[in-house]
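Report on the following structure.
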Amino acid sequence: MFNYTLRRLLLAIPTLLFISLVIFLLLELSPGDPLADMPLSIPPEVRQEMRIALGMGEVWYIRFYKWLYLFTVVEPSHVIAGFTGLDIAIEGQRILSWQTRSPVSDIIIQRMPQTLWVVGLAYLFGVLVAVPIGVYSAYRQYSWFDQTGSFISMVGFSLPTFFTGPLLILIFAVWLGWFPIIYDTTLNVNNWETFLKQVRQMAMPVFVLTLYNAAQISRFMRASMLDNMTQDYVRTARAKGMTERIVVLVHVLRNSLIPVVTVIALGIPTVFTGAIITEQIFRVNGLGQLLITAIYASDIPMVLTLSVVFAILIVLFNLIADLLYAILDPRIRYD
């Protein structure tokens, strides 16, 4: 397995380089000007100097090379130095956001806790709720529990978050007044009262995302369980006198988790990139909202960095899912 992992990691390098180049070229060809909001009274020569200061005065392949060096060498050194306290940060130019003129990595690290609190908890709750529901629904197929779970799953998966989000705001924030309408990102949790305020403002966005995630994963879990419960090894296990609990929770569940692991693992990168629509609806100052504002402002360094980070997470968790296959199914061998 070590050799397989090493091969996949080496193969990921040219893959990510190609993805980075494609994203960079797409942003280069996209309409938009970072100086569009500047006053028209600025002289053309001053505007040209501002473009050069933003790094737009060079040809595209030079700018891509400089960004690639900063992304792979300079910014990681600053991030590691910030977390460990070691003096390894490389001084000099960094990837700066055209909006704030601040380092992109610093802004991402600043926004990440809000995204992890809301989107991360919602994804965790979604997995913890979906797996038991999918298992029991498959075991009690066509029962009232299965019918109810299937109905709720279809509703949760069919209704988009831009519908359920405003609906919850209308009912629980406007009509009932139970929860705040806007997420307060400046809230500092330091006592029980502020903790309850944090829970109240997280309740609606977390519920919206939990419903969507649980609906999707539970359907995969149920379908995989039903497919495995009719296999020969299940009848053999029952013929050997094994209890129903062991047959379902050990033999069937372990094999049924193989396709579900793919769905769960490939969904984890969305936790780090944020839920763009939900964060916009509830005004959560996370990475999703950061990406939207950067796109509106034609902030190419921010959009490019966030997109490549998202691509890295997808490649990484895709590899993790493949490695988990061998753990769940001893028949799978990569070496």
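Every number in this text was worked out from the coordinates using simple rules, so none of it is lab data. Owing to the predicted nature of the structure, the values given are computational and were not obtained by experimental measurement. Don't worry about glycine lacking a Cβ; one is built from the backbone with ideal geometry, like all the others, and counts go over all protein chains shown.
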Next item on the list: Stick to the Cα atoms of region 152-198, pair each with every other, and give me the Kirkwood hydrodynamic radius in Å at one decimal.
Entry: 12.6 Å
Margin query: Using just the Cα positions, wrap region 161-251 in a convex hull and report its mean projected area in square nanometres, one decimal place.
Written below: 9.5 nm²
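Taking the beta-carbon count within 10 Å as an exposure proxy, list D232, D184 from fewest neighbours to most.
D232, D184
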Margin query: Quick check of the Kirkwood formula: for region 104-328, what is the inverse mean of 1/r over all pairs of different Cα atoms, in Å?
Written below: 19.4 Å
Next item on the list: Show that you can apply the helix-only estimate: for the chain, add -39,500 (n - 2.57) for every DSSP H stretch of four or more residues, divide by all residues, and state [θ] at 222 nm to the nearest 500.
Entry: -21500 deg cm²/dmol
Checklist line | Gaussian network model of the chain, Cα within-10 Å springs - most flexible of A122, A89, A321 | finding: A89
Notebook entry, point to check: By counting other Cβ atoms within 10 Å of each Cβ, how are V79, V104 ranked from fewest to most?
Noted result: V79, V104
Next item on the list: Please compute the net charge surrounding T185, taking Lys and Arg as +1 and Asp and Glu as -1 over other residues with Cβ under 10 Å from its Cβ.
Entry: +1
Checklist line | J(HN,Hα) series, region 69-84, from Karplus relation 6.51 cos²θ - 1.76 cosθ + 1.60, nearest Hz, glycine and proline x | finding: 5, 5, 6, 8, 10, 6, 4, x, 5, 5, 5, 5, 5, x, 7, 9
Notebook entry, point to check: Sorting V260, V59, V234, V199 on the 10 Å Cβ count, fewest up front, what's the list?
Noted result: V59, V199, V234, V260
